[in-house]
Each structure stands twice: as structure tokens, then as C-alpha cells.
Amino acid sequence: MQVKVKLFATFRKGRFKEAVFEYPEGTRVRDVIEELKIPLKELGIVFINGKDASLDAELKEGDVLSIFPLVGGG
Amino acid sequence: MPGTRLLLRYIRNIEAITEEEQERIFKAHVAVVGCGGLGGYVISHLARLGVRRITAFDPDVFAEHNLNRQLFSGLSSLGRSKVEVIEEALRDINPEVEFYGFKGRFQDFWTDDRGDYTVVIDALDNLKDRRELAGWCRAKKLPLVYGMVAGWYGQVGTQFPGENTLDKICHLAGKEKGVEEKEGVLSFVPAIIASIQVAEAVKIILGRGELLRNKFFLIDLLDMETEILAW
């Protein structure tokens with residue numbers, strides 16, 4: 001299945017802004033993040049098709065996965 | 001004051017807001033939690049708008065590494081309490097402001113009383129304190145405008161009692177500091193985010209306009225992209 005992955009802010013460094021990937025059925029958000037070598041502790045929020053999602057959410061054909069780092073300064 | 005002429009210092013606020021609305025701003029009491037990058041700009045805006053009661057909390061003194069972005073920092077203020085320096089500056093910017101500055105963490109000063117705050121603005125620098133502040137606002141039924149910055153990136157949102165977008169946007173977070181630890185913060189980012197936070201606070205005071213409720217605004221000033229996430 002094809003999933004569009006969009007990265008935000010620092011997660012773009014050395015990676016990409018957005019790209020379409022082919023994943024096997026049953027792929028979860030966590031698998032994508034691990035494959036992209038994004039440290040889990042840097043995660044802020046993950047959206048699937050504009051809706052808040054958990055790391056264990058299963059992706060489906062045509063999903064848009066948006067991954068944001070934690071931004072916490074003041 | 002009804003029937004009296006509006007001070008010339010506020011005259012350029014009028015038409016964007018009415019004189020009656022300016023009165024509401026005069027009567028508002030805003031709490032600003034943190035007096036660093038965001039807090040400095042937030043307090044400056046509030047004072048110039050005519051918010052006559054501002055309560056602020058910060059335990060720190062100005063340090064050299066603040067000079068790249070913190071509005072009230074300067075060579076003469078290094079080593080001095082942020083709250084004290086801001087109090088002095090406000091006497092020059094707008095002596096009508098009653099500034100209640102607390103030198104310490106906000107948790108040491110919160111009471112069972114909700115205070116008479118119209119709105120609370122988060123200008124903290126870590127997630128743990130921000131969550132505690134959100135919990136306090138929830139318990140005391142106070143609206144909270146929160147903001148976060150790192151590098152070229154800023155985020156802002158507003159939550160009213162019963163709403164918990166702040167928890168939603170950081171529920172995956174495994175630590176208390178974000179990418180700002182590696183990225184630092186560029187000066188224009190807190191300036192922009194603080195400005196949006198104050199715009200939100202003014203709309204809450206006036207009960208007018210569209211708020212970032214159940215929404216979360218993000219800006220990336222490097223790639224010049226904005227996003228609004230909505231629940």
C-alpha cells in the first residue's frame with residue numbers, strides 16, 4: 001500500500017519534506033518512524049489524515065501521515 | 001473611564017477596537033507565566049495595549065545567553081532578576097500598568113484562589129511546568145493560551161476549561177524539553193508566537209473574533225509554512 005509521509009521542522013534535516021512510500025499491509029506508525037530513524041523521544045505529535053493518532057495506529061492505503069517533533073521552549 | 005477623553009497613548013488602538021473594548025482591556029488582569037523569550041514580548045504587548053494589571057512569574061536572572069532573543073535583556077540587566085528588570089521597564093513604557101512580579105516558580109505562588117485573572121498566558125520553557133499550569137487552569141476554570149518555540153519553529157494554541165489540546169499535542173512526548181535543546185531559538189520566533197498569544201488573549205478579553213480553540217497553529221519560518229491542526 002502507498003502512504004504519504006510528511007515531516008515537519010527538524011525532522012526534515014537529512015530526510016525530506018514529504019514523500020510517498022510503499023509499505024506492507026499492517027504497517028504501524030511506529031514502524032515508519034523507526035525506519036526513518038526518528039528518535040521516539042523527539043516526537044511531539046503524529047497525525048493520520050489530519051487526525052491525532054497513536055504510535056500503534058495501523059496505516060491504510062492512501063493515508064497521509066504527518067510527524068511533528070516536540071517543540072517546548074519559551 | 002467613561003465620559004473622559006481616551007489618553008493619546010491608546011488612540012491608535014481605536015477603530016481596530018472600540019473605546020468600550022479599550023475599557024475592557026483596561027480592566028483585564030492577565031497572568032504571564034515565564035519572563036524569558038515569549039514572556040518579554042507578551043508583557044510588552046500587554047502593557048502597550050493597556051492591560052492595567054499584569055501578574056508575572058519567573059525565578060531567573062538575565063544571563064548572557066538570553067541576549068539573542070529576550071526583549072528586556074541587555075548588558076545592564078545581566079545578573080538581575082527578570083521580573084525586577086521588567087517592572088522597571090514597564091514604568092517607562094506605561095506607568096498605568098500595575099505589575100505584580102513574583103521571583104520564583106509559579107507553583108510556589110499559586111494558591112487555592114483562582115485569582116481574578118481574565119486569561120493566563122504560558123511562556124514557560126518546559127513541558128512539565130506547562131502541564132502543571134494547564135492542570136491549574138483547568139481546575140480554576142481559566143482560559144490558557146500556550147506557546148512553544150524551537151529554532152525556526154513556533155506553535156500556539158488556546159484552551160478553555162474542559163478542553164485539553166495541550167495534552168493532545170504532546171502526549172507522545174517522552175521528555176520535558178523539545179528540539180530547542182539542540183536547535184536553540186532564533187529571536188523572531190518568540191516575537192511571532194508571543195504576538196499571536198497576545199492576540200488570542202485580547203480576543204478572549206473582548207469576546208470577539210476567532211480563537212485557536214481545539215486548534216493548534218504551527219509555523220516553520222525556514223520553509224515559510226504554516227499549518228493549523230484541528231480536532
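The values are calculated or read from the model by the stated rules, or taken from the named source; none is laboratory data. All values reported here derive from a predicted model rather than from experimental measurement. Note: ideal-geometry Cβ built from the backbone for every residue, glycine included; neighbour counts use all protein chains shown. Remember, those area values only see protein heavy atoms, side chains included, never the ligands or the DNA or RNA. Shrake-Rupley method; radii C 1.70, N 1.55, O 1.52, S 1.80 Å.
Could you list, in sequence order, the residues of segment B:161-206 that are modelled with pLDDT under 95 and more than 20 Å from B:Arg131 (Cβ to Cβ)?
B:Lys182, B:Glu183, B:Gly184
Kindly evaluate B:Val119 against the criterion of being away from chain A (no Cβ under 14 Å), under 14 Å from the mean Cα position of the chain (by Cα) and closer than 20 Å to B:Ala201 by Cα. Taking the combined requirement at face value, the residue satisfies it. Only residues that are in contact with a Pro (Cβ under 9 Å, 6 or more places away or on another chain), crowded, with 24+ Cβ neighbours inside 10 Å and among the aromatic types (Phe, Trp, Tyr) were counted across segment B:138-176, and they come to 1. So if I check each of B:Trp152, B:Trp136, which one is modelled with pLDDT of 95 or more and of a type outside the set (A, V, I, L, M)? Result of the check over B:Trp152, B:Trp136: B:Trp152. Within segment B:177-204, the set of residues being more than 7 Å from every other protein chain (Cβ to nearest Cβ), of a type in the set (Asp, Glu) and open to solvent by 20 Å² or more (accessible area, probe 1.4 Å) comprises just one member, B:Glu181. Taken over segment B:175-215, the criterion of being more than 24 Å from B:Thr18 (Cα to Cα), within 16 Å of the chain's Cα centre (by Cα) and in a loop (DSSP other than H, G, I, E, B) is satisfied by B:Ser187 alone. Here B:Leu172 meets each of (1) free of Cβ contacts under 8 Å to residues at least 24 places away in the same chain; (2) more than 7 Å from every other protein chain (Cβ to nearest Cβ); (3) in a loop (DSSP other than H, G, I, E, B) with one exception, condition (2). Candidates are the residues of segment A:18-74 that are more than 8 Å from chain B (Cβ to nearest Cβ) and in a helix (DSSP H, G or I); the one that is surrounded by the most Cβ atoms within 10 Å (Cβ to Cβ) is A:Val29.
For segment B:71-86, the condition holds for no residue, the condition being that it is open to solvent by 70 Å² or more (accessible area, probe 1.4 Å) and at pLDDT below 95.
In segment B:220-229, how many residues are touching a Gly at 6+ places or on another chain (Cβ under 9 Å) and open to solvent by 20 Å² or more (accessible area, probe 1.4 Å)? Steps first, answer last, please.
Initial filter on segment B:220-229 (touching a Gly at 6+ places or on another chain (Cβ under 9 Å)): B:220-222, B:229.
When the remaining residues are screened for being open to solvent by 20 Å² or more (accessible area, probe 1.4 Å), the result is B:221-222.
Selection size over segment B:220-229: 2.
Evaluate the following for A:Thr10: is it polar (S, T, N, Q), within 14 Å of chain B (Cβ to nearest Cβ), buried (at least 18 other Cβ atoms within 10 Å of the Cβ) and more than 14 Å from B:Ala173 (Cβ to Cβ)? Spelling it out, A:Thr10 is indeed polar (S, T, N, Q), within 14 Å of chain B (Cβ to nearest Cβ), buried (at least 18 other Cβ atoms within 10 Å of the Cβ) and more than 14 Å from B:Ala173 (Cβ to Cβ).
Kindly indicate which of B:Arg91, B:Arg53, B:Arg105 is away from chain A (no Cβ under 14 Å) and surrounded by fewer than 18 Cβ atoms within 10 Å (Cβ to Cβ).
B:Arg91
Being assigned to a strand (DSSP E or B), of a type outside the set (A, V, I, L, M) and at pLDDT 95 or above is true of B:Phe99. From the list B:Gly162, B:Gly157, the lone residue that is within 18 Å of the chain's Cα centre (by Cα) and either of a type outside the set (A, V, I, L, M, F, W, C) or within 11 Å of chain A (Cβ to nearest Cβ) (or both) is B:Gly157. In this entry, A:Pro39 is excluded by the filter for residues that are in contact (Cβ under 8 Å) with a residue 12 or more places away in the chain and not hydrophobic (A, V, I, L, M, F, W, C).
Among residues of segment B:77-106 that are within 13 Å of B:Val61 (Cβ to Cβ) and basic (Lys, Arg), those with a beta-carbon under 6 Å from a residue that is open to solvent by 30 Å² or more (accessible area, probe 1.4 Å) and in a loop (DSSP other than H, G, I, E, B) at least six positions away or on a different chain give the pairs B:Lys82/B:Asp60.
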